[in-house]
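Here is the structure we will look at, set down as structure tokens.
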Amino acid sequence: QVRLVESGGGLVQTGGSLRLSCASSALAFGTDAIGWFRQAPGKERAFVAGISLSDNTPYYDASVRGRFTISRDNAKNTVYLQMNSLKPDDTADYFCAAGMVLTSLANGYGYWGQGNQVSVSS
């Protein structure tokens, strides 16, 4: 059974850091990507970062490139999102998702976690 669980969110000040985790119980055959998305109140769900499971190639949205780092620990079936130099605009509910191909499009992912709140104060 495919199950994704996010953790590690919280409240930090501008310039601070958080590390999100996405733990998976199992992945469907053909899954080759884990993506992170975020959704703030009144905003559409937006791609943040993703990683290819076959070669660990990362992919970042321009808004977080250079500040966020996605990585994978295959032994723990976990994908991490290290978030540095956080800004108030990073405040959102963060979701991880599993899909067949690394893409920035939310509809390219078939399995989603429950979300984890990140709040960045001014």
On the basis of being assigned to a loop (DSSP other than H, G, I, E, B) and either among the hydrophobic types (A, V, I, L, M, F, W, C) or open to solvent by less than 30 Å² (accessible area, probe 1.4 Å) (or both), does LEU86 make the cut?
yes
Could you check, for the range 19-39, whether at least one of its residues is touching a Leu at 6+ places or on another chain (Cβ under 8 Å), basic (Lys, Arg) and in contact (Cβ under 8 Å) with a residue 24 or more places away in the chain?
yes
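Given the criterion within 20 Å of THR14 (Cα to Cα) and of a type outside the set (Lys, Arg), identify the matching residue among VAL79, VAL101, VAL120. Give the derivation first.
Numbers: VAL79 fails: within 20 Å of THR14 (Cα to Cα); VAL101 fails: within 20 Å of THR14 (Cα to Cα).
The conditions single out VAL120.
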Looking only at the range 54-71, decide whether some residue is in a strand (DSSP E or B), within 23 Å of GLN1 (Cα to Cα) and open to solvent by less than 30 Å² (accessible area, probe 1.4 Å).
no
Just checking, how many residues over the range 1-51 are loosely packed, with under 14 Cβ neighbours inside 10 Å, among the hydrophobic types (A, V, I, L, M, F, W, C) and either in a loop (DSSP other than H, G, I, E, B) or at pLDDT below 95 (or both)?
4
Checked the range 4-30 for anything farther than 13 Å from VAL79 by Cα and within 16 Å of the chain's Cα centre (by Cα); matches are GLY9, GLY10, SER17, LEU18
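In the range 89-101, which residues are outside any strand (DSSP E or B) and open to solvent by less than 60 Å² (accessible area, probe 1.4 Å)? Reasoning before the result, please.
Applying the first criterion (outside any strand (DSSP E or B)) to the range 89-101 yields 89-91, 100-101.
Residues satisfying the conditions are ASP90, THR91.
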Looking only at the range 72-83, filter to residues that are open to solvent by 50 Å² or more (accessible area, probe 1.4 Å) and not aliphatic (A, V, I, L, M); which one of those is farthest from ALA49 (Cα to Cα)?
LYS76
Specify the residue that is most open to solvent (accessible area, probe 1.4 Å); the eligible residues are those in the range 104-120 that are assigned to a strand (DSSP E or B) and among the hydrophobic types (A, V, I, L, M, F, W, C).
TRP112
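The values are calculated or read from the model by the stated rules, or taken from the named source; none is laboratory data. All values derive from a computational prediction rather than experimental measurement. FYI the Cβ positions are ideal-geometry reconstructions off the backbone, even for glycines, and counts take in every protein chain you see. Surface accessibility is based on the protein's heavy atoms, side chains included, excluding ligands, DNA and RNA. Shrake-Rupley method; radii C 1.70, N 1.55, O 1.52, S 1.80 Å.
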